[in-house]
Structures are given as structure tokens and as C-alpha cells.
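This report concerns only the one structure given below.
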Amino acid sequence: YGKDLTTMQSDTLMVLHIPADRKWASVVSFPRDSYVEIPSCEKGDGSSSSPHHFKINEAFAIGGSNGKVGEAAACTIKTVEANTGLRIDHFMSVDFSGFKGMVDALEGIEVCPKQAIHSEKARLDMEAGCQTVKGETALGYVRARYGIGDNSDIGRIGRQQEFMDALAKKAKSKLTSPDAMYGFLQSVTKSLTTDPD
């Protein structure tokens, strides 16, 4: 998403923990500009990168230099594991066009910004107050960083987690509507890449 991109990009990185009893779940988001040690990773051309200190989202670009999401995820997983001590069992990657499709299939998601948001980078102009967002506006809302609050990744993370929670609740509420769920699941399957398990 964006212009003049030559590599795969990672906009958001979350780790989801679901315990064995499946009674709760917790999510931790990593600010994409966090400087971490990126270990050596295989690149798409058969070579390997050198370990170095850089922003965490670069791991996705290194591993995905051949355009394969699974290999991009592998370098990101290796980086998260090396910097946190966590063991990552599985991954899911959602592309932006699919994200918009999921939101649109649910007829939008209600958000309630406390202040107006005007972000040229996120292509977003929103007034304050509750409103239902779809398509590019929904995408801009979860991507916006500049032009809202303190312009930080922490503020964006809060909005993203609130939005994903609202999306999950709305999807759950539509389980009895086959048309809505069909469109939602079609968007999910078109945009989701996971590990084989």
C-alpha cells in the first residue's frame, strides 16, 4: 500500500496468545518503528542478510524480498523470537485490500474519534464523533499516525486494537446472516496468508 514501493511492507505487527482452554486471548502490538536486533535471515535470492540493528518492520521486507509472504513472515518470526524469548507457533498475514473487503462486507465499523483526524499520509479526513467507516476511510483510520494525538505509533496501536475488537464483535453478530458472512469470509480467504497448520 503506497507508492513507489520496491519491497513487501509490514504495517502492523501483533502477537496473539490463545491459551489451551480457549477461554481468553491477549494481544500485544509491536510499534513498527521499534529498533531491534534483526538476526540473519534468508532472502528471496538464496542469500542471507547480516544481523543488524534496525526497525522491526524491516524483517518482513528482508524475508519477503522475493514477494512470498511465508518467507517474509519467517524472518519476522525469527526477529520477534530473538528479541522477546517468545515461541511463535503460527502466523497470519492480512493484506490491505482484503482488510477493506472484510470491513465492507460487514457494512462498515463504527468508530468514535474524540478529535478530528486530518492525515495526508493516511489519506484521511474525519470529523470528531461516532461514525461508520468503510473502505479507504477504514484503512486510513487504522493506518493514521500523523495528524492525530501525539503522532505516535502507540496511539495508532490503540486505535488498531479497538478497531479489530469492533470488527470481531460485528462479524460474530452477523453469524446468522449468510449473505454478510459469505462476503466477509470471501474477503478473509482472498487476503489471508497463514502457515500450513
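A few comments on the model shown:
- Hits in the range 34-49 - residues which are touching a Cys at 6+ places or on another chain (Cβ under 9 Å) and more than 26 Å from ASP153 (Cα to Cα): GLU42, LYS43, SER48, SER49
- The residues listed here are GLN186, GLN161; of these, the one that is of a type in the set (S, T, N, Q) and under 20 Å from ALA25 (Cα atoms) is GLN161.
- Count - residues of the range 172-187 that are out of contact with any helix residue (DSSP H, G or I) (no Cβ under 6 Å at 6 or more places or on another chain) and either of a type outside the set (Ser, Thr, Tyr) or not in a helix (DSSP H, G or I) (or both): 10
- Output for the range 55-82, where each listed residue is without any contact (Cβ under 8 Å) to a residue 60 or more places away in the chain, among the polar types (S, T, N, Q) and not in a loop (DSSP other than H, G, I, E, B): THR79
- Matching option when the condition is open to solvent by 30 Å² or more (accessible area, probe 1.4 Å), acidic (Asp, Glu) and farther than 26 Å from LYS190 by Cα, among ASP95, ASP33: ASP33
- Residue within the range 83-92 that is farther than 27 Å from GLU71 by Cα and either out of contact with any Lys or Arg (no Cβ under 8 Å at 6 or more places or on another chain) or in a helix (DSSP H, G or I) (or both) present: no
- Within the range 147-183, tally of residues that are surrounded by 11 or more Cβ atoms within 10 Å (Cβ to Cβ), modelled with pLDDT under 85 and over 19 Å from ILE117 (Cα atoms): 6
- Subset tally (residues that are closer than 21 Å to ASN83 by Cβ and open to solvent by 30 Å² or more (accessible area, probe 1.4 Å)) for the range 16-30: 6
- Test: residue in the range 115-136 that is assigned to a helix (DSSP H, G or I) and either within 18 Å of the chain's Cα centre (by Cα) or exposed (fewer than 14 other Cβ atoms within 10 Å of the Cβ) (or both): yes
- Applying the set (1) at pLDDT below 90; (2) surrounded by fewer than 15 Cβ atoms within 10 Å (Cβ to Cβ); (3) not β-branched (Val, Ile, Thr) to SER48 leaves exactly one unmet item: (1).
- Boolean, GLY140 is out of contact with any helix residue (DSSP H, G or I) (no Cβ under 6 Å at 6 or more places or on another chain), open to solvent by less than 30 Å² (accessible area, probe 1.4 Å) and either without any contact (Cβ under 8 Å) to a residue 24 or more places away in the chain or part of a helix (DSSP H, G or I) (or both): yes
Residue by residue, here is whether (1) in contact with a Leu (Cβ under 9 Å, 6 or more places away or on another chain); (2) closer than 15 Å to VAL103 by Cβ holds:
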site: LEU124; (1), (2): yes, yes
site: CYS130; (1), (2): no, no
site: TYR141; (1), (2): yes, yes
site: ARG145; (1), (2): no, no
site: ILE148; (1), (2): yes, no
site: ASP153; (1), (2): no, no
site: ARG156; (1), (2): no, no
site: MET164; (1), (2): no, yes
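The values are calculated or read from the model by the stated rules, or taken from the named source; none is laboratory data. The structure displayed is predicted, hence computed values, not measured ones. All Cβ positions, glycine included, derive from the backbone under ideal geometry; neighbour counts span all protein chains shown. To get the accessible areas, we keep the full protein, side chains included, count just its heavy atoms, and leave off ligands, DNA and RNA. Shrake-Rupley method; radii C 1.70, N 1.55, O 1.52, S 1.80 Å.
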